[in-house]
Amino acid sequence: MAQADRRAMVMAFRRRCTQAEIIAGVTLLAAVPGIAYRLVDMTMIAVGGAAQTATSVDIIGTRAAAAVRPFVVAVAALSQSAVVKPNSANVTVLADGASFTALDANTAVTAGQQSGGSNLATATHIDIVLHYTAEKA
């Protein structure tokens, strides 16, 4: 089947991540042998208060054996209960649609904070929802 004819089922994953998990780096989609993840959409919601102190909460994957950040969500976007999507203010995606191209096979998708502080201040949790496909490599 030609590349253009390939079809994939979009799946959803949701996790309520604690401050500590985000600070340490949390695995959202575990590495699966022979599978490459392609992110289709992302949602973040700050729970318990606005996320502060850190610079951003990022979705992190691997492409060409290097870490990439398909979605960088500045804490300014993470006010309590706000639904944050890739096209929201204070969200950065990779140029030329690269946030939505396949990541390397056999690698995980994680979430973590960028520097700027030791916690996410008043947010107790960050809800993260990923829509993705799992494609044979």
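The values are calculated or read from the model by the stated rules, or taken from the named source; none is laboratory data. Every value quoted in this text rests on a predicted model; they were computed, and no experiment measured them. Please note: Cβ atoms are built from the backbone with ideal geometry, for glycine as well, and neighbour counts cover all protein chains shown.
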Consider R38 against the criteria (1) surrounded by fewer than 15 Cβ atoms within 10 Å (Cβ to Cβ); (2) among the charged types (D, E, K, R); (3) part of a strand (DSSP E or B): it satisfies all of them except one. Which criterion is unmet? (1)
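Each row is one residue, and each column tells you yes or no for (1) charged (D, E, K, R); (2) under 15 Å from the mean Cα position of the chain (by Cα).
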| site | (1), (2) |
| --- | --- |
| G34 | no, no |
| R63 | yes, yes |
| S79 | no, no |
| V93 | no, yes |
Please give the number of the condition T53 fails out of (1) β-branched (V, I, T); (2) surrounded by fewer than 19 Cβ atoms within 10 Å (Cβ to Cβ); (3) in contact with a Gly (Cβ under 9 Å, 6 or more places away or on another chain); (4) outside any loop (DSSP other than H, G, I, E, B). (4)
Of all residues in segment 16-26 being of a type outside the set (A, V, I, L, M, F, W, C) and surrounded by 14 or more Cβ atoms within 10 Å (Cβ to Cβ), the one that is nearest to S99 (Cα to Cα): E21
Starting from segment 67-79, take each residue that is under 12 Å from A89 (Cβ atoms) and list its partners that are hydrophobic (A, V, I, L, M, F, W, C) and part of a loop (DSSP other than H, G, I, E, B), counting only C-beta distances under 6 angstrom and pairs at least six apart or across chains. S79/A50
From I59, I22, which residue is outside any loop (DSSP other than H, G, I, E, B), at pLDDT below 95 and within 13 Å of the chain's Cα centre (by Cα)? I22
